[in-house]
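The values are calculated or read from the model by the stated rules, or taken from the named source; none is laboratory data. A quick note: this is a predicted structure, and the numbers were derived from the prediction, not measured. Accessible surface is based on the protein model in full, side chains and every heavy atom, while ligands, DNA and RNA are left aside. Shrake-Rupley method; radii C 1.70, N 1.55, O 1.52, S 1.80 Å.
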Amino acid sequence: MQSSGNNPIFVVGSPRSGTSILTWCLGQHPNIFPVPESNWMGDFAINVAIGYQIGAARGERSILSGMGIREEELFAVLGKSIHELILSHRADLERKRQGAVTAWGAKGRWFQARSSASDPKNRWVDGTPEYSMYICGLRKLFPDARFIHIFRDVGAVVRSMLNFHRVAGTQLVSDEKGAYKYWLRTVKACVHAERAYGSNIVYRIRYTDLVENPESAMRSLLDFLQEPYDPKCVEPLAERINSSKVPADFEFDGPAADPAIIEKATELSASVNETPQPRQGSCAAADEVEATFRERVKYMATIDKAYKKTRQIIKTLNQSGLPLYLISQAALAIADPYTTVLSQLS
């Protein structure tokens, strides 16, 4: 059994790929408990990097650099505090989940996540799909974290996304194009992380393997996490939870996606499905992932200043008496570098 350490587990991948059910499966383990999708830690890592830049901007005259506090040290200390805070509030979370057992009936028992005094549960698992784009930042906060990329064929995911509102009452995407782009964005980020860090840090598991060979898939997964196998971890797979239940004859009646996007997604899906993930990490790929993280930090650090500058320029142009269409074109030209960066980072 793992000793208490700052080694959380993040389940990443495209929405509708099984991130939720895999999180609940792992949550049945005596040393792991599932937390709700958090969403905030990725942006928090960005803000920590921005904060460090501010705190070290003047060299010896700044508190962080003046005291010899390195960026990685700041990240690690904050990550450890988050980890300890989550562990300390586990009892509060489980008390609130007791109500789900009654309210949700048979499904509710997974919200309870098997627990007893003999279950230390020194690790937590978070199944936030959006963290696919924040693996680099999360590793800075939690250097010993492990990531599980659950992969599902793009065609099945797109159908599930488009049908999701019929079950959940809310739309995950507005159209087919959005579904393909969402899948591409998350899966590409996970594949890049696989190349950068290797299979000791990011473990790929296929949705079909989890469904068709649950015990074998879970044994391999728990080996990766260095946790002993527990048969309770496959029990949630006996029934479909949070499933969009796509009818066999389902057809989306909205606008079709651009064939180029469909082709791009289909090619990546086939490649990931047929190609084993790399065992060793790549320094070049890790540098690329780090560069993407730094670009996002730079973008977020300067966006407010750029926004104010743009507003001032537009105000000046308005006072100049230029036609509205020219002012609009000028505004788009000013904003383009920032929208381009945001598009690339997404």
Amide H to amide H, which residues 5 or more places from His149 or on other chains are under 5 Å from it, using H placed in the peptide plane? Val12, Tyr203, Arg204, Ile205
Evaluate Rg over Rh across segment 1-95, taking Cα atoms for both radii and Kirkwood's formula for Rh. 1.08
Write down the accessible area per residue of segment 4-82 in Å², having rolled a 1.4 Å probe over the full set of protein chains. 40 Å²
Full-extension gain in nm, Ser81 to Ile261, via 0.36 nm per residue minus C-alpha separation: 60.6 nm
Once neighbouring chains are kept in place and the probe is 1.4 Å, which whole percent of the accessible area of segment 1-64 is contributed by carbon and sulfur? 55 percent
Segment 33-46 - phi-based ³J(HN,Hα) in whole Hz, Karplus 6.51/-1.76/1.60, Gly and Pro as x: 10, x, 10, x, 4, 8, 6, 8, 5, x, 5, 4, 4, 4
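When the accessible area of segment 192-240 is computed with all protein chains present and a 1.4 Å probe, what percentage of it is carbon and sulfur?
Carbon-and-sulfur percentage of accessible area, whole number: 43.
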Quick check on segment 117-195: take the gyration tensor over C-alpha atoms, sort the square-rooted eigenvalues as a ≥ b ≥ c, and tell me if it's rounded (a/c under 1.5), prolate or oblate. oblate
From the backbone phi of segment 22-27, what are the Karplus-calculated ³J(HN,Hα) couplings (6.51 cos²θ - 1.76 cosθ + 1.60, θ = phi - 60°) in whole Hz, Gly and Pro given as x? 5, 4, 6, 4, 5, x
